Amino acid sequence: MSEHLLIERDGGLLTLRMHRPDKKNALTRAMYTSMAETLDQAERDPSVRAVLLTGGEDCFTSGNDVADFIQAPPSGLNSEVFHFMRALFDFSKPVVAAVAGPAVGIGTTLLLHCDLVYVARGAQLKMPFVNLGLCPEYGSSLILPRLLGHARAAELLLLGQAFTGEQAAAWGIANQALDDGAATLSKAREMALRFLQLAPSAVVDSKRLIRAPGREELRRVIEEEGALFGQRLRSPEAIEALTAFMQRRPADFTRFA
Ligand code: COA
């Protein structure tokens, strides 16, 4: 189990907290594996009624560890990140997210697969995939244009434009924006605890129904995005962008035709 994933149990509520503060909770392969295994166990454990996913009061996550992207780029359906996202995608019980501070890359994408999302007003969300020479992932190229319309989705996914927690709530990516990280965590916890009072099978059946429309199409898009993402990670454009991030300089795409 990764030392960077803190797991708490409070009755039927399981809390997963990403905790790698010196790297803004950047997600390593070990963290993905721990999160996937924890979700898989929770899926099988009838005493778990709901999951709360958070990075704490100051930072959700800066996304995939960029050094990992360079040294061990995930390849396809057997990668650690794919195991985690599949576990989240297939998780039958409610998942509630509490988001404060940065939520970058997969940190924003994964919210599209949670059931309830509470966010601090000033949280900074962004999906800078094109900026990194990459492409959208895990269904965001299908879900976001449907949710936001093409124009706004294009700003977020083609330009990698950042947006605030307040905007995320106004646009329907999050349920509610709260004043700060503490209020966000407290609200998310309060809402997650509500599931513990509800009939568990009714919750699971209802989640399945509201997730069902378009699910097979979504699965197909996720595989298509995943294959392209894997190719793009090995492209000269991505290598330039990821190296530039590690060297703390702007990426230079001028030499690419
Ligand atoms: N992978 C690896 N390391 C990361 C990281 C990531 N995704 N995000 C941040 N870090 C590291 C930084 O390199 C730095 O390490 P150092 O102290 O050893 O130099 C440390 O975390 C703090 O980051 P820093 O950028 O100095 O903090 P900040 O408060 O100025 O900015 C972010 C925070 C999250 C806005 C910024 O780090 C960022 O944009 N990261 C996103 C990286 C990214 O593009 N992720 C998406 C991948 S698809």
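The values are calculated or read from the model by the stated rules, or taken from the named source; none is laboratory data. Just so we're clear, the structure is a prediction, and the values are computed from it rather than from any experiment. Methodologically, a virtual Cβ is constructed for each residue, glycine included, from the backbone with ideal geometry; neighbour enumeration extends over all protein chains shown.
Based on this model, can you work out whether Leu88 counts as touching a residue at least 60 places away in the same chain (Cβ under 8 Å) and more than 14 Å from the ligand (Cβ to nearest atom)?
Numbers: touching a residue at least 60 places away in the same chain (Cβ under 8 Å): no; more than 14 Å from the ligand (Cβ to nearest atom): yes.
Answer is no for this residue.
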How many residues does the stretch 148-183 hold that are among the aliphatic types (A, V, I, L, M), more than 16 Å from Ala97 (Cβ to Cβ) and either under 17 Å from the mean Cα position of the chain (by Cα) or within 16 Å of the ligand (Cβ to nearest atom) (or both)? 6
Within the stretch 91-107, how many residues turn out to be near the ligand (Cβ under 9 Å from one of its atoms) and of a type outside the set (Gly, Ala, Ser)? 3
For the stretch 1-29, give me each residue that is at pLDDT 95 or above, buried (at least 17 other Cβ atoms within 10 Å of the Cβ) and farther than 30 Å from Gln197 by Cα. His4, Arg20, Lys24, Asn25, Ala26, Leu27, Thr28, Arg29
Conditions (1) at pLDDT 95 or above; (2) of a type in the set (Phe, Trp, Tyr); (3) within 16 Å of the ligand (Cβ to nearest atom): number failed by Phe69: (1)
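Run down Pro136, Pro102 and say which single residue is in contact with an Asp or Glu (Cβ under 7 Å, 6 or more places away or on another chain), buried (at least 20 other Cβ atoms within 10 Å of the Cβ) and in contact (Cβ under 8 Å) with a residue 12 or more places away in the chain.
Pro136
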Inside the stretch 108-124, can you point out the residues that are within 12 Å of the ligand (Cβ to nearest atom) and either more than 17 Å from Asn175 (Cβ to Cβ) or surrounded by fewer than 24 Cβ atoms within 10 Å (Cβ to Cβ) (or both)? Thr109, Gln124
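Can you pull out the helices (runs of 4 or more DSSP H) entirely within the stretch 151-257 that have at least 3 residues that are closer than 22 Å to Leu116 by Cα? Show your work before the answer.
On the way: elements: 165-170, 181-194, 200-211, 215-233, 236-246.
Helices (runs of 4 or more DSSP H) meeting the threshold: 165-170, 181-194, 200-211, 215-233.
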Would you check which residues across the stretch 169-186 are of a type outside the set (Ser, Thr, Tyr), in contact (Cβ under 8 Å) with a residue 60 or more places away in the chain and crowded, with 21+ Cβ neighbours inside 10 Å and list them? Ile173, Ala174, Leu178, Gly181, Leu185
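So is Val95 among the hydrophobic types (A, V, I, L, M, F, W, C), buried (at least 23 other Cβ atoms within 10 Å of the Cβ), in contact (Cβ under 8 Å) with a residue 60 or more places away in the chain and closer than 29 Å to Arg215 by Cα or not?
So Val95 fails the test.
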